[in-house]
């Protein structure tokens, strides 16, 4: 009987400790959220890029080689990637995206890379993408990012022949196999 009492007391003490720690973590998360809000940092709600089944909005942008690209130019299966300067995750994901784009059906004309940057040279990202994609450099609130609801980077989107999103995601850990047209 004394062992049973000791076990019940021990389990009760551990349960109480767990509850107190959980409440402390919740309190700290609330403080953290308030601190971010006072500094003008907003936490985006919803997905970081357009979701499957939707169509991107209209946009017009100029590529780094001076050509105009619009939503209606994205015909056939098209890969769209979003990158940002000063983003370690983007630099890490870049070789994987370049390999994916290099083997993409239709080649460079079926791949669009959007680099979010204040500087048009974009830390060299546009040049590294130019061989495998049409590259657009724009501000964070640019027309292409807005059309694709891209709120973070790296992100990608795969459009089907009708211009509807077939697959999308953030990061490049999960890369789908492109269907042949």
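Structural remarks
- Going through (1) buried (at least 17 other Cβ atoms within 10 Å of the Cβ); (2) in a helix (DSSP H, G or I) one by one, residue 89 falls short only on (1).
- Selection count, the range 49-76, where residues are closer than 19 Å to residue 139 by Cβ and assigned to a helix (DSSP H, G or I): 1
- When 19, 29 are screened for being modelled with pLDDT of 90 or more, more than 30 Å from residue 162 (Cβ to Cβ) and more than 21 Å from the chain's Cα centre (by Cα), only 19 passes.
- Candidates in the range 130-140 are the residues that are touching a strand residue (DSSP E or B) at 6+ places or on another chain (Cβ under 9 Å) and surrounded by fewer than 18 Cβ atoms within 10 Å (Cβ to Cβ); of these, the one that is nearest to residue 105 (Cα to Cα) is 130.
- Within the range 61-79, residues that are on the phi < 0 side of the Ramachandran plot and touching a residue at least 40 places away in the same chain (Cβ under 8 Å) reach partners that are assigned to a strand (DSSP E or B) and surrounded by fewer than 13 Cβ atoms within 10 Å (Cβ to Cβ) with beta carbons closer than 7 Å, at six or more positions or on different chains, in the pairs 62/68.
- Scan of the range 132-149 for residues that are touching a helix residue (DSSP H, G or I) at 6+ places or on another chain (Cβ under 9 Å) and modelled with pLDDT under 90, ordered by number: 139
The values are calculated or read from the model by the stated rules, or taken from the named source; none is laboratory data. All values derive from a computational prediction rather than experimental measurement. Cβ atoms come from the backbone with ideal geometry, glycine included; neighbour counts cover every protein chain shown.
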